[in-house]
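Read the structure below first, then the notes.
The values are calculated or read from the model by the stated rules, or taken from the named source; none is laboratory data. Fair warning: this is a prediction, and the values are worked out from it, not measured in the lab. For neighbour counting, all protein chains shown are included, and Cβ atoms are generated from backbone atoms with ideal geometry for every residue, glycine included. What goes into the accessible areas is simple: the full protein's heavy atoms, side chains included, and nothing from ligands, DNA or RNA. Shrake-Rupley method; radii C 1.70, N 1.55, O 1.52, S 1.80 Å.
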Amino acid sequence: MNHDLGRLPAIFKRYPKSPESLIAVLQDIQKEYQFLPSEALAETARVLEVPLSKVFSVSTFYNAFSLHPKGEKVIRICVGTTCHIRGAKQIQEQLESQLKIKAGETTPDLKFSIETVSCVGACAKAPVVIVNEKYHGPVKVSDYKKLVKGK
Amino acid sequence: MRLSSTGQLTQLRTKCQAAAKKHKKKVLVCCGPGCLAAGAQKIADRFRTVLKQKRIAGFSVQALKETGCHGFCEQGPLVVIEPGGTFYTKVKTRDVEEIIDRSVRKDEVVQRLLYKDPRSGKSIRDWAKIDFYAHQNRIALQKLGQIAQCDIEDYIAGGGYAALAKALTKMTGDRIIDEVTTSGLRGRGGAGFAAGRKWRTCKDVQSDTRYVICNGDEGDPGAFMDRAIMEGDPHSVLEGMIIAAFAVGSSEGYIYVREEYPLAVVNLQKAIEQAEALGLLGNDILGTGFSFSIKISRGAGAFVCGESSALMKSVAGQVGEPRAKYIRSVIKGLHDRPTVLNNVETFANVPVIIDRGADWFAKIGAKNNSGTKAFSLVGKVRNTGLIEVAMGTTLRKIIFDIGGGIIGDRPFKAVQTGGPSGGCLPQSQLDLPVDFDSLTKAGSMMGSGGMIVMDDKTCMVDVAKYFLGFLVEESCGKCVPCREGLYQLHRLTIKVSEGRATEEDLSTIEKLSEMVIIGSLCGLGKSGPNPVLSTMKYFKDEYLAHIRDKRCPAGVCRELITYEITPDCTGCMACIAVCATHAITGKKGKVHTLDQAKCTKCGACYAVCQHDAVLVS
Ligand SMILES: Cc1cc2nc3c(=O)[nH]c(=O)nc-3n(C[C@H](O)[C@H](O)[C@H](O)COP(=O)(O)O)c2cc1C
Ligand code: FES
């Protein structure tokens, strides 16, 4: 897949050109493109003068990075301890079966991704589901329609 | 305006206080994590709009404050009218106008929004008199919820940065370290290492450069104290860090923030900019010649990066793998330079200690465990929220007096502290004083402050399996005992939960745990077996029920339970809608039937049934 790399220079400009900036640069690329296109990784390696293997190793070590495109709507289910004991698993399964994908996957039409996350710090409202940036909680199993359709 | 002396800071404080006094009242809208998730932003916006329209004498929109977490998340969204502490719970946007008309314009209360004490049934007006707050003792969280989130003037008006001024002009670095040492402050990030001693070591190492880092990784799932502080009272963290930097002689600092906390990054950044603009951070702080800068380093979603050496690698843009600590990171830390790493809450305690003195602080709490500890009290407890209690407070007091007991008055079963490194404590330990040493002795750990209450519907095998699964995912994979050992422990707990285990497997778990504890490189592996060991210690019967009777007493482990629909079914079809495998059939108004062959035991029907007509056995 070809991706418009034109947005990269603006990102590189924000940080000193040193290996120390690697994580911050990748985070901004992830935010801009919703994933890390392979061309962008190569470009990052060149600009920051870090071996591509290092860039790849950092990209795969941290959960925040994805090497695959994500859906328009990213549904993040909290599976932290509090959410777990308050029924996060049922909610996860309900969403997985409704969207016919597993956590970590994206629907073929690139509309939805499901992800899990361990605690988002809103435990008081457990179980919590975040759709794009919006927090929902306490979520009930029957709320799946609202989560999928709502904005 | 840049402040170039402590005198100017005092002047600014007087000015801010005078400005605040012009308003007869203050409206505090809690915008902490819990209330935000419940829609607090809309309420704050509505207040702003209506207040602008109404033009109330002696009140302006400036007296409307979006605050950090006030604490009682369960009752959110919260709105507090000060003075007087009128406490409104579960506020909706449509209540806003009435609150303004009756409680801001006049001195009346909106009765229906007050908190009702479940025991006496009486409404309580003043938040400080509610049981949830009355038993607390707030030091690190003192300003949280009382001041606007990102407002340095509010912070200064409340006495903020006075400790910094005192430290910079009236104390030497050594004096500050002595003070912190005498206070007995121990690190609030989990291990409880004496902060003063750490600072002393850092200062005594010969080096041209030293770093001060704040650990805001808060990886413990179920904990949100640090998030609340970073978002709601970021200046207290900055002030603590600047004092530490001055004490040890550092000019560069970092705050490492977990990537799941975007708002914390935004608010900290704002706070840094505000402090820089006033000359409280950056070059020549308060005209004293001392310079210190703080940068934010965003985490990227790895639990192990809360560990000191992994965190420092991550700050340097590398993969966050811990190293063996023959030499501690306080001696050889970031870029191999001496580095003070403390937790968010630890730093938030520092200004108060400097301000009020070590002796005052040391008197609070328990022996060798001075001060207070913040907890996120969550799970199956009635009053969930953010609390802070004196060290040595018993679990019973926290869970039953502050927490109000278990939801639905179900039986208490266990309380989990210390996250994936901690353990589950049973009923018999309820009178245990909560401090670093007592918790460790009981087989758990203080951890960073997650306190998760569990009732009889929580399966201890499932909890152990959950934590091991979490750690298997999060283990960095560098050392074999942790990577493979935890993996095998996880498999063994799965075996128990599926009813396939033998009693011999339990002794394998014990032996393997010992190996993982001894052999692992960092704290993740070294404490990883705690959840399984502590549940086996205190809930052996439950493990045996899974093994001998093939039964999960809590009704959680899928392989060992069945769901049934009882004749109480009203035929509302709610379960049919959520059953993913179409195992439930039936007509509206008629008792439904469940086809066991198709049932995957996901429990969705149980969760949606409003009529208690789904039975687990
Ligand atoms: C696996 C692992 C995860 C940790 N996570 C955190 C964390 O999220 N927050 C934290 O403050 N300390 C965490 N720690 C403890 C830190 O290594 C370190 O002890 C602490 O930040 C020191 O600060 P303190 O003395 O103020 O507690 C973790 C330790 C380990 C081994
Ligand atoms: S465990 Fe889900 S928000 Fe904390």
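Brief remarks follow.
- Filtering region B:300-314 to residues that are facing another protein chain (nearest Cβ under 8 Å) and either more than 21 Å from A:Leu36 (Cα to Cα) or in contact with a Ser or Thr (Cβ under 8 Å, 6 or more places away or on another chain) (or both) leaves B:Ala300, B:Ala302, B:Phe303, B:Ser314.
- Selection within region B:317-333 - within 17 Å of B:Ile213 (Cα to Cα) and either under 26 Å from the mean Cα position of the chain (by Cα) or more than 14 Å from chain A (Cβ to nearest Cβ) (or both): B:Gly320, B:Pro322, B:Arg328, B:Ser329, B:Val330, B:Ile331, B:Lys332, B:Gly333
- Hey, A:Ser142 in contact with a Pro (Cβ under 8 Å, 6 or more places away or on another chain) and either over 16 Å from B:Ala37 (Cα atoms) or at pLDDT 95 or above (or both) or not: no
- Checklist (1) within 16 Å of ligand 2 (Cβ to nearest atom); (2) farther than 24 Å from B:Gly422 by Cα applied to B:Pro531, failing item: (2)
- Every condition in (1) in contact with a strand residue (DSSP E or B) (Cβ under 8 Å, 6 or more places away or on another chain); (2) closer than 21 Å to B:Lys465 by Cβ holds for B:Pro420 except the one numbered (1).
- Odd one out for B:Gly477, checked against (1) open to solvent by 10 Å² or more (accessible area, probe 1.4 Å); (2) over 30 Å from B:Ile399 (Cβ atoms); (3) away from chain A (no Cβ under 14 Å): (3)
- The residues of region A:21-68 that are farther than 17 Å from A:Ser113 by Cβ, within 16 Å of the chain's Cα centre (by Cα), more than 8 Å from chain B (Cβ to nearest Cβ) and crowded, with 21+ Cβ neighbours inside 10 Å, listed by number, are A:Val25, A:Ile29, A:Ser59.
Here's the yes/no breakdown for (1) among the polar types (S, T, N, Q); (2) buried (at least 18 other Cβ atoms within 10 Å of the Cβ); (3) touching a residue at least 12 places away in the same chain (Cβ under 8 Å):
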{"residue": "B:Val61", "(1), (2), (3)": "no, no, yes"}
{"residue": "B:Phe72", "(1), (2), (3)": "no, yes, yes"}
{"residue": "B:Phe87", "(1), (2), (3)": "no, yes, yes"}
{"residue": "B:Lys92", "(1), (2), (3)": "no, no, yes"}
{"residue": "B:Ser103", "(1), (2), (3)": "yes, yes, yes"}
{"residue": "B:Ser123", "(1), (2), (3)": "yes, no, yes"}
{"residue": "B:Ala148", "(1), (2), (3)": "no, yes, yes"}
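- Out of B:Thr339, B:Thr288, sole residue that is in contact (Cβ under 8 Å) with a residue 12 or more places away in the chain, under 24 Å from B:Val180 (Cβ atoms) and within 14 Å of ligand 1 (Cβ to nearest atom): B:Thr339
- Filtered by the rule that a residue be within 11 Å of chain A (Cβ to nearest Cβ) and either within 19 Å of A:Lys100 (Cβ to Cβ) or open to solvent by 60 Å² or more (accessible area, probe 1.4 Å) (or both), region B:577-606 gives B:Ala577, B:Val578, B:Cys579, B:Ala580, B:Thr581, B:His582, B:Thr600, B:Cys602, B:Ala604, B:Tyr606.
- Residues within region B:453-472 that are within 10 Å of chain A (Cβ to nearest Cβ) and farther than 26 Å from B:Arg483 by Cβ, tallied: 6
- Some residue of region B:418-429 being without any contact (Cβ under 8 Å) to a residue 40 or more places away in the chain and surrounded by fewer than 19 Cβ atoms within 10 Å (Cβ to Cβ): yes
- Complete set of residues in region B:198-220 that are at negative phi, near ligand 1 (Cβ under 10 Å from one of its atoms) and not hydrophobic (A, V, I, L, M, F, W, C): B:Lys198, B:Asn215, B:Gly216, B:Asp217, B:Gly219, B:Asp220
- If only residues of region B:357-381 that are out of contact with any Asp or Glu (no Cβ under 7 Å at 6 or more places or on another chain) and within 14 Å of chain A (Cβ to nearest Cβ) are counted, the one that is farthest from B:Lys457 (Cα to Cα) is B:Phe375.
- Taking the criterion of being away from chain A (no Cβ under 14 Å), open to solvent by 10 Å² or more (accessible area, probe 1.4 Å) and either assigned to a loop (DSSP other than H, G, I, E, B) or farther than 25 Å from B:Lys22 by Cβ (or both), the residues of region B:74-85 that qualify are B:Pro83, B:Gly84.
- The residues of region B:286-315 that are farther than 25 Å from B:Pro420 by Cβ and of a type in the set (A, V, I, L, M), listed by number, are B:Leu286, B:Ile294, B:Ile296.
- Scanning region B:478-496 for residues that are free of Cβ contacts under 8 Å to residues at least 24 places away in the same chain and in contact with a helix residue (DSSP H, G or I) (Cβ under 7 Å, 6 or more places away or on another chain) turns up B:Tyr487, B:Leu492, B:Lys495.
- Any hit, region A:124-133, residues being within 16 Å of ligand 2 (Cβ to nearest atom), under 16 Å from the mean Cα position of the chain (by Cα) and open to solvent by 40 Å² or more (accessible area, probe 1.4 Å): yes
- Tally, over region B:426-468, of residues that are more than 19 Å from the chain's Cα centre (by Cα) and more than 16 Å from ligand 1 (Cβ to nearest atom): 24
- Among the residues of region B:125-137, those that are more than 12 Å from B:Phe87 (Cα to Cα), part of a loop (DSSP other than H, G, I, E, B) and open to solvent by 50 Å² or more (accessible area, probe 1.4 Å) comprise B:His135, B:Asn137.
- The one condition in (1) open to solvent by 10 Å² or more (accessible area, probe 1.4 Å); (2) outside any helix (DSSP H, G or I) that B:Met515 fails to fulfil: (2)
- Residue count for region A:71-83 under the criterion of being open to solvent by 50 Å² or more (accessible area, probe 1.4 Å) and over 30 Å from B:Met460 (Cβ atoms): the result is 1.
- Enumerated strands (runs of 3 or more DSSP E) restricted to region B:386-497, each holding at least 1 residues that are closer than 30 Å to A:Val58 by Cβ: B:450-455
- Selection within region B:105-121 - part of a helix (DSSP H, G or I) and open to solvent by 20 Å² or more (accessible area, probe 1.4 Å): B:Arg105, B:Gln111, B:Arg112
- If you check B:Glu97, B:Glu74 for being under 20 Å from the mean Cα position of the chain (by Cα) and either at pLDDT below 95 or not polar (S, T, N, Q) (or both), only one passes: B:Glu74.
- For region B:200-231, the set of residues classified as in contact with a Gly (Cβ under 9 Å, 6 or more places away or on another chain) and part of a helix (DSSP H, G or I) consists of B:Cys202, B:Lys203, B:Met225, B:Asp226, B:Arg227, B:Ala228, B:Ile229, B:Met230, B:Glu231, listed by residue number.
- Count of residues meeting criterion [aliphatic (A, V, I, L, M), open to solvent by 10 Å² or more (accessible area, probe 1.4 Å) and within 26 Å of A:Tyr33 (Cβ to Cβ)] in region A:84-100: 1
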